[in-house]
1. For segment 69-83, does any single residue satisfy the condition of being closer than 17 Å to LEU22 by Cβ, without any contact (Cβ under 8 Å) to a residue 40 or more places away in the chain and either charged (D, E, K, R) or not in a strand (DSSP E or B) (or both)?
2. Would you please name the residue that is farthest from the chain's Cα centre (by Cα), looking only at residues in segment 3-56 that are more than 19 Å from ALA129 (Cα to Cα) and assigned to a strand (DSSP E or B)?
3. Cβ-Cβ under 7 Å, sequence separation 6+ or interchain: first residue in segment 45-64 and in contact (Cβ under 8 Å) with a residue 24 or more places away in the chain, partner in a loop (DSSP other than H, G, I, E, B). Which pairs?
4. Just give me the residues in segment 73-90 being of a type outside the set (Asp, Glu) and closer than 15 Å to ALA61 by Cβ, in sequence order.
5. Can you give me the number of residues within segment 52-80 that are open to solvent by 40 Å² or more (accessible area, probe 1.4 Å) and farther than 18 Å from LEU125 by Cβ?
6. Take the residues in segment 109-124 that are open to solvent by less than 10 Å² (accessible area, probe 1.4 Å) and in contact with a helix residue (DSSP H, G or I) (Cβ under 6 Å, 6 or more places away or on another chain); name whichever of them is farthest from LEU57 (Cα to Cα).
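The values are calculated or read from the model by the stated rules, or taken from the named source; none is laboratory data. What you are looking at is a predicted structure, and each value in this text was computed from that prediction instead of being measured. Cβ coordinates were reconstructed from backbone atoms using ideal geometry, including for glycine residues, and neighbour counts include every protein chain displayed. Accessible surface is based on the protein model in full, side chains and every heavy atom, while ligands, DNA and RNA are left aside. Shrake-Rupley method; radii C 1.70, N 1.55, O 1.52, S 1.80 Å.
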Amino acid sequence: LGLLDTAPEARFDTLVAACAQLTACPAAGISLIDASRQWLKAAHGLAPHTLAREQSLCAQAMLGPGVCQTTAVDTPLLQHLALASGEPVRFYAGVALHVGGLPVGTLFVLDTQARTLTTAQSHALAQLAQVVAELDGIEQSYIDQSDTVNAAAWPKRPAWKRLLQNVARLFDSL
């Protein structure tokens, strides 16, 4: 992908901040997984870090279908994670990012309380993951050479239209 070990980018940081807000979670991130490790491309409420792949819940979540949700009671890997504030993580929800049909990482949220996402929040997380995957380079025709989004083409993307409609419904339900 050419994204591993690159500098933070506003386009990814904005999406994870929105993801945290939409799900009412204090932390969110975009993880990329290679053969041996998990690396965070973007983090909100988390200190950027790298984990060995075998210690990564994201590495497991990216192999499953849909949104993976778990709590610290159910998953020992969560018992060792903490937010940037130092508070322990008690909830994880993540959805695989697919590039060329292959899982390469996850879009995920974390909370200090054991919980589950609402159906609307889960759906929004899955849709945001589609948008992240598009930003990763699946559809280069919508991203120019300087890595900025072609503003005229962006709103025409069906994923964005669905996402914005669902975000509006989610906020209406709050």
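1. So far as segment 69-83 goes, no, none of its residues is closer than 17 Å to LEU22 by Cβ, without any contact (Cβ under 8 Å) to a residue 40 or more places away in the chain and either charged (D, E, K, R) or not in a strand (DSSP E or B) (or both).
2. Within segment 3-56, the match that is farthest from the chain's Cα centre (by Cα) is ALA52.
3. Pairs found: GLY45/PRO26; GLY45/LEU83; GLY45/ALA84; LEU46/LEU83; LEU46/ALA84; ALA47/ALA84; LEU57/THR75.
4. THR75, PRO76, LEU77, LEU78, LEU81, VAL89 - these are the residues of segment 73-90 that are of a type outside the set (Asp, Glu) and closer than 15 Å to ALA61 by Cβ.
5. The number of residues fulfilling the criteria is 9.
6. Ranking the candidates gives ALA124 first.
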